[in-house]
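Take a look at the structure set out below.
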Amino acid sequence: MTLRARFFALTYDRQMARTEQAGLAEFRARLLAGVAGQVLEIGGGTGANLPYYGPAVDELTITEPQPPMLRRLQGKAREQVPAAHVLRAPAEDLPFEDGTFDVAVSTLVLCGVDDQPRALRELRRVLRPGGQFLFLEHLRADDPRLARLQDRMNWLNRLVVCCDCN
């Protein structure tokens, strides 16, 4: 476990507070409105999505690969959704049987995954036929000026928040 991972987990909620207030929380709420059945969330981080899971969720399983984030997630889950199953697992190697979940959720996760195609294959594998993959991710901007700025700042973004913003 690196010092950077510990620092990131310790400061994540504070780093994201303004972004959450500026509209990210609303995006999360809209994404998860009406989610039902057996739900898997990958990369649960510090538990930012926990308040948005409603009573139609029969079972909530959340994975997080980083121990410092996992500890924070476990604490919030105990307080907010005590029945949630929280475990350490990377998105690229999910420890579940094929077709286990009705819904898979990923919010601001794929930017930090080492092998995105493998993670997406794993999500497809664990989803039941007809299951839903709900995601909220960020991408490289279409606007050339903004894209160049992202390109120039991407190294810093990777260093500070462990994310490839492009």
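Sequentially through segment 56-66, phi angles give Karplus couplings (6.51, -1.76, 1.60; θ = phi - 60°) of 6, 7, 6, 8, 10, 10, 10, 10, 8, x, 8 Hz, Gly and Pro residues having no value and appearing as x. Take the Cα of Cys165, step 7 Å toward its Cβ, do the same at Arg121, and the gap between the two points is 3.1 nm. For segment 1-60, the convex hull drawn through the C-alpha positions has a volume of 83 cubic angstrom per residue. Annotation: Cα Rg of segment 50-129 relative to the compact-globule expectation 2.2 N^0.38 Å equals 1.09.
Think of each Lys and Arg Cβ as +1 and each Asp and Glu Cβ as -1; about the Cα centre, that makes the dipole of segment 82-131 roughly 100 debye. Carbon-plus-sulfur accessible fraction, segment 1-158 (probe radius 1.4 Å, protein heavy atoms only): 53%. Judged by the mean number of other Cβ atoms found within 10 Å, the most tightly packed of the peptides 33-40, 44-51 leads the ranking 44-51, 33-40. Dipole magnitude for the chain: about 600 debye, using +1 per Lys or Arg Cβ and -1 per Asp or Glu Cβ, origin at the Cα centre. In the chain, Cα pairs under 8 Å separated by at least six residues give a relative contact order of 20 percent. Between the beta carbons of Ala33 and Glu79, assuming R0 = 25 Å, the FRET efficiency works out to 0.70 to the nearest 0.05. Once the 1.4 Å probe is applied to the protein heavy atoms, segment 1-152 comes out at 58 Å² accessible per residue. You can think of it this way: the chain between Leu134 and Leu149 has 2.6 nm of extra reach, that is 0.36 nm per residue less the Cα-Cα gap. Placing unit charges on the Cβ atoms of the charged side chains and taking the dipole of the chain about its Cα centre, the candidate lying farthest along the positive direction among Thr100, Tyr53, Thr2 is Thr2. What the pair-distance distribution of the chain shows, using all Cα-Cα distances binned every 5 Å from zero, is 2, 8, 16, 22, 22, 16, 9, 4, 1, 0 percent.
Applying both filters, DSSP loop and at most 16 other Cβ atoms within 10 Å, to the trypsin sites (Lys or Arg not before Pro) of segment 82-122 gives Arg88. A simple spin-label model places the labels of Asp142 and Thr2 3.4 nm from each other, with each point 7 Å out along Cα-to-Cβ.
The values are calculated or read from the model by the stated rules, or taken from the named source; none is laboratory data. The structure presented is a predicted model; accordingly, all values stated were derived computationally and were not measured. Virtual Cβ from ideal backbone geometry, glycine too; neighbours counted across all protein chains shown. For accessibility, only protein heavy atoms count, side chains too; no ligands or nucleic acids. Shrake-Rupley method; radii C 1.70, N 1.55, O 1.52, S 1.80 Å.
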